[in-house]
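Only one structure is covered here, and it is reproduced in the block below.
The values are calculated or read from the model by the stated rules, or taken from the named source; none is laboratory data. Bear in mind the structure is a predicted one, so any value in this text is a computation, not a measurement. Cβ sites come from the backbone with ideal geometry, for glycine too, and all protein chains shown count toward neighbours. Accessible surface areas use protein heavy atoms only, side chains included; no ligands, DNA or RNA. Shrake-Rupley method; radii C 1.70, N 1.55, O 1.52, S 1.80 Å.
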Amino acid sequence: MRKVLKKLLVTTLLIASTSYADMNNYVYDSNSLVGFETGFSSFDVKDANNVTTKEKFEYVGMKIGAETHNVRMFLSLRNAFVDNYDYAYMYGAELQYKFNLSSIINFYIGANIGRISFRFDDASNNTRDFTTEYMGGDVGFNWHLTDSADIEIGARIMSLPEPEHTLSGVTYTFDDISMSYVSLIFKYQMD
């Protein structure tokens, strides 16, 4: 899975860099972006007894970024509402390449990277603070509602390179996180 995600990241970066190769250095068709995101997500947690629990949850987030005709980048923060967790949040960055299918819709593919943090009480009533990096990919469609607002529907997967957390000799293992989401994105020009 990690090899696939690394290939996706490299491919996205190569496509994005080639789109800039023939651009005029003095003229940019760009927008600043502010987005609000909500979605559903899930991941599996395996405890020390090899019992796997599927955690399903909703989340909300905010992202800021910029876009050109074919490329956009976001910095994002998401707060998840996982049952029996004190907190669960993610922050990171996304780089996406847009395929402009028509004047009202585009398809995007991208890569994401960041950190994730959880706090919860395990079966032994030990409080676990788990923080690790994530990397992954996302795909979706972006509809242009107006010149200054878009709505996107997408899917994201986040892989944890260090998925294990050990406390008092007891190890919990976290699986990849999958998300489906919808975002409302506002576009504006900065002077």
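If we keep just the residues of the stretch 119-143 that are assigned to a loop (DSSP other than H, G, I, E, B) and in contact (Cβ under 8 Å) with a residue 12 or more places away in the chain, which is least open to solvent (accessible area, probe 1.4 Å)? My answer is Asp122.
When Ser148 is tested against (1) open to solvent by less than 50 Å² (accessible area, probe 1.4 Å); (2) within 13 Å of Gly35 (Cβ to Cβ); (3) of a type in the set (Gly, Ala, Ser), only condition (1) is not met. Restricting attention to the stretch 162-182, does a residue exist that is free of Cβ contacts under 8 Å to residues at least 12 places away in the same chain, open to solvent by 70 Å² or more (accessible area, probe 1.4 Å) and either within 20 Å of Thr68 (Cβ to Cβ) or within 15 Å of the chain's Cα centre (by Cα) (or both)? No - not one qualifying residue is present in the stretch 162-182. Each residue in the stretch 52-86 was checked for being modelled with pLDDT under 95 and among the hydroxyl-bearing types (Ser, Thr, Tyr), and 4 pass.
All of Ile104, Ile113, Ile153 fail the test of being more than 18 Å from the chain's Cα centre (by Cα), of a type outside the set (Asp, Glu) and open to solvent by 80 Å² or more (accessible area, probe 1.4 Å), apart from Ile104.
When residues in the stretch 42-92 are screened for being farther than 25 Å from Thr127 by Cα and open to solvent by 60 Å² or more (accessible area, probe 1.4 Å), 5 of them pass. When Ala149 is tested against the conditions (1) in contact with a helix residue (DSSP H, G or I) (Cβ under 9 Å, 6 or more places away or on another chain); (2) at pLDDT 95 or above, the lone failure is (1).
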